[in-house]
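Participant: First, the structure itself, so that you have it in front of you.
Just so you know, all these numbers are worked out from the coordinates, no wet-lab data involved. Bear in mind the structure is a predicted one, so any value in this text is a computation, not a measurement. FYI the Cβ positions are ideal-geometry reconstructions off the backbone, even for glycines, and counts take in every protein chain you see.
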Amino acid sequence: MLFKKICLDCVDIILICLTLFIGAGAQFRSDYTYSKHTNAYYKFHIESASNARASDVCEAEGSKLMVVTSPRDLDVAHGMLKVYPDLDGKAWIATDGKEHPDEDEDYSDYDSVEPLLTLVSQGRIMSGTKCNVLTRDGEVRTAHCITRHPFVCKTDASDVQYDPYCKIYVKGYRYFDAQKSCYKVPKYAASWNEAYSYCQAEGGHLVVVNSVAEQQVVRNLTKVARAVGSEVPWFYFVGVRAQKPKEGGTPDFRTILNQTLPEAGFNTWCTGEPNNSDGNQYCGTILTFDGKFNDEDCTKTLGFVCEKEL
Ligand SMILES: [Ca+2]
Ligand SMILES: [Ca+2]
């Protein structure tokens, strides 16, 4: 009997060790692709962004704009770029400070340039600065940092850390014992759809508020957070959405788990909300001041909260 108990304890210890060992780099976000040749994870972002915004997005995903540490990195990124023949012929990668041929750019297309004043005011850029791009022919060139292009994020597998408390392969989640859940407020802003995908790729979901106590946790986290690029810094997207109702109908707000809000356990809206004020507000946000809900335009760029239940 004693022997059996000791053996079971051994199995437990071995399993924990294996989890910690395998956890160190065996997995990452599900939207990244692993290459065994470089032992690193990559994601090709098809949306165009300035170099500064691209860096923010990679960082928010726990990676970096791709630093080229071997020619194989360029092979992987080039392969990803080739999948999208219709896209811009270049993608941001990390700037290495070396000399590269300059990419001729039509600078008159101001739609493809992030407002210079925003970046200068954020101290992110000097006018005329050049950053590195990977071109469709597989070469590294330079381009104006403020122009918008797709981009490649990368993280080495050795930099991926397993969080044994939240059972997740990304950083930034905080565990709350009373909720038996972990939460993260990413340091960048996104549309509701992008936020949904972001949390999903990390193994969590957009937060579902199930009680007043959980509302307080979320509110306290958003109060001290800073979502770079948010259009309205006091609103954060949550896992609540409604379909556009038929003419004359009212939106039926549900959680992403398809519960009504009373079923989920929290159904408190700001005064006068949901008001569908611009006729296009079908996504739920939480207000940092009082932690109550407000309906917002799903395409707005806002901060958001992810939850990972245990
Ligand atoms: Ca919850
Ligand atoms: Ca509203």
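Participant: For the range 163-309, what D do you get in µm² per second when you plug the Kirkwood radius from alpha-carbon pairs into Stokes-Einstein at 25 °C and 0.890 mPa s?
Facilitator: 162 µm²/s
Participant: Something else now. Sequence neighbours fewer than 8 away in the same chain don't count; with that in mind, list the aspartates and glutamates whose C-alpha is under 17 Å from K180.
Facilitator: Result set, ordered by chain and number: D163, E214, E307, E309.
Participant: Something else now. So for each of 92-98, 153-159 I average, over its residues, the number of other beta carbons within 10 Å; can you give me the resulting order with the highest mean first?
Facilitator: 153-159, 92-98
Participant: Once phi is turned into θ = phi - 60°, what whole-Hz ³J(HN,Hα) does the Karplus curve with 6.51, -1.76 and 1.60 give for every residue of the range 140-150, x standing for Gly and Pro?
Facilitator: 9, 10, 10, 9, 4, 4, 8, 6, 9, 9, x
Participant: May I pose another question? Beyond a 22 Å Cα-Cα separation, which of these cross-linked pairs lie in this structure: K184/K292; K130/K184; K187/K300; K82/K130; K167/K292?
Facilitator: Correct reply: K130/K184; K82/K130; K167/K292.
Participant: Of the peptides 195-206, 61-72, how do they stack up when ordered by the mean number of other Cβ atoms within 10 Å, highest first?
Facilitator: 195-206, 61-72
Participant: Next question. For T299 and S277 in the same chain, what is the full-extension length gain: residue separation times 0.36 nm, less their Cα-Cα distance, in nm?
Facilitator: 6.5 nm is the gain from fully extending T299 to S277.
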